[in-house]
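Reading through the structure tokens given below for one structure.
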Amino acid sequence: MTTPVRILGIAGSLRKDSFNRAALRAAQGLLPEGAALEGFELEGLPLYNQDQEQNPPGQVLEFKKRIRAADAILMVTPEYNYSLPGVLKNAIDCASRPYGDSAWSGKPAAIMGASVGSFGTARAQYHLRQVFVFLNMFPINQPEVMIANAGQKFDAQGNLTDEGTKKQIRQLLGNLVEWTERLRARPGA
Ligand SMILES: Cc1cc2nc3c(=O)[nH]c(=O)nc-3n(C[C@H](O)[C@H](O)[C@H](O)COP(=O)(O)O)c2cc1C
């Protein structure tokens, strides 16, 4: 039997009725067998301040612990002004420091995102991929889950109702699990 793959999901919105947090909740019901997905809420994570780097706030230490305990990361990004929101970038920065002690390095990852616009966070997702290069994360490329016109894909309770999107998320998670297992199985891992 293979070891289960534990995924940490991070949605880059603090909004109560966030489509991205709703998409992350939906992903929890679309997992392949043998995988688990827990969410980490970014509410309360302090703004990164390099003066505190050697003595980081408890929330940052806890966040880094949760990332390190995960086998893979799922980032669910809104798009703000054609990029990823500050809330998500701040969280990424917090867990990447101090230099040489990043919690992200070597993590397999998947990206998805929801926006009310018709580009479905495409621009934010490509910026996030660029950030992953420096973080030395290993994102899967496909499928690209870009949930456009999000207002039409979720019901009033925040349940994902669009079958095509569900299918894409199921595929994304399946690919992430397979990718994580491949990285785990490589010689020297
Ligand atoms: C500051 C700000 C900037 C935004 N910029 C974009 C954008 O560049 N592209 C886009 O598709 N939507 C943009 N939006 C709309 C978001 O897609 C929409 O607010 C979405 O619901 C945010 O994600 P959430 O529901 O998870 O909070 C912007 C919203 C805000 C508040």
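The values are calculated or read from the model by the stated rules, or taken from the named source; none is laboratory data. For clarity, every value in this text was computed on a predicted model and none was experimentally measured. Methodologically, a virtual Cβ is constructed for each residue, glycine included, from the backbone with ideal geometry; neighbour enumeration extends over all protein chains shown. Calculation scope for accessible area: heavy atoms of the full protein, side chains included, ligands and nucleic acids excluded. Shrake-Rupley method; radii C 1.70, N 1.55, O 1.52, S 1.80 Å.
Structure summary
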| read-out | value |
| --- | --- |
| Nonlocal amide H pairs with residue 74, under 5 Å, H built at 1.01 Å | 8, 9, 10, 110 |
| FRET efficiency estimate (nearest 0.05) - Cβ-Cβ, residue 43 to residue 101, R0 22 angstrom | 0.35 |
| Segment residue 62-residue 15, length gained on full extension (0.36 nm per residue, minus Cα span) | 14.7 nm |
| Of 64/166; 89/167; 16/166; 65/167; 16/167, pairs whose Cα-Cα distance is over 23 Å | 64/166; 89/167; 65/167; 16/167 |
| Full-extension gain in nm, residue 186 to residue 166, via 0.36 nm per residue minus C-alpha separation | 4.1 nm |
| Estimated vicinal HN-Hα couplings, Hz - the range 141-158 in sequence order (Karplus 6.51, -1.76, 1.60; Gly, Pro = x) | 8, 9, x, 8, 9, 10, 8, 7, 6, 4, x, 9, 10, 10, 8, 5, 8, x |
| Cα-projected label distance for residue 126 with residue 175, points at 7 Å along beta-carbon direction, nm | 1.7 nm |
| Cα-based equivalent ellipsoid of the range 52-141: semi-axis lengths in Å, sorted from largest, via gyration tensor | 24, 14, 11 |
| Spin-label pair residue 33/residue 118, simplified geometry with 7 Å Cα→Cβ offset, distance in nm | 4.3 nm |
| Hits among aspartates and glutamates - C-alpha to C-alpha of residue 153 under 13 Å, sequence gap 8 or more where chains match | 162, 163 |
| The chain pair-distance distribution - Cα-Cα, 5 Å bins, rounded % | 1, 8, 17, 21, 21, 16, 10, 4, 1, 0 |
| Accessible area, probe 1.4 Å, largest first, for residues 134, 119 | 134, 119 |
| Total charge dipole magnitude, the range 1-104, about the Cα centre, Cβ charges on Lys, Arg, Asp, Glu only, Debye to nearest 20 | 120 debye |
| Dipole of the chain, positive end: most advanced residue of 70, 94, 58 [Cβ charges, Cα centre] | 70 |
| Amide H partners (placed H, <5 Å) of residue 117, local residues excluded | 149, 150 |
| Cα convex hull of the range 1-57 - mean projected area over all directions, nm² | 5.7 nm² |
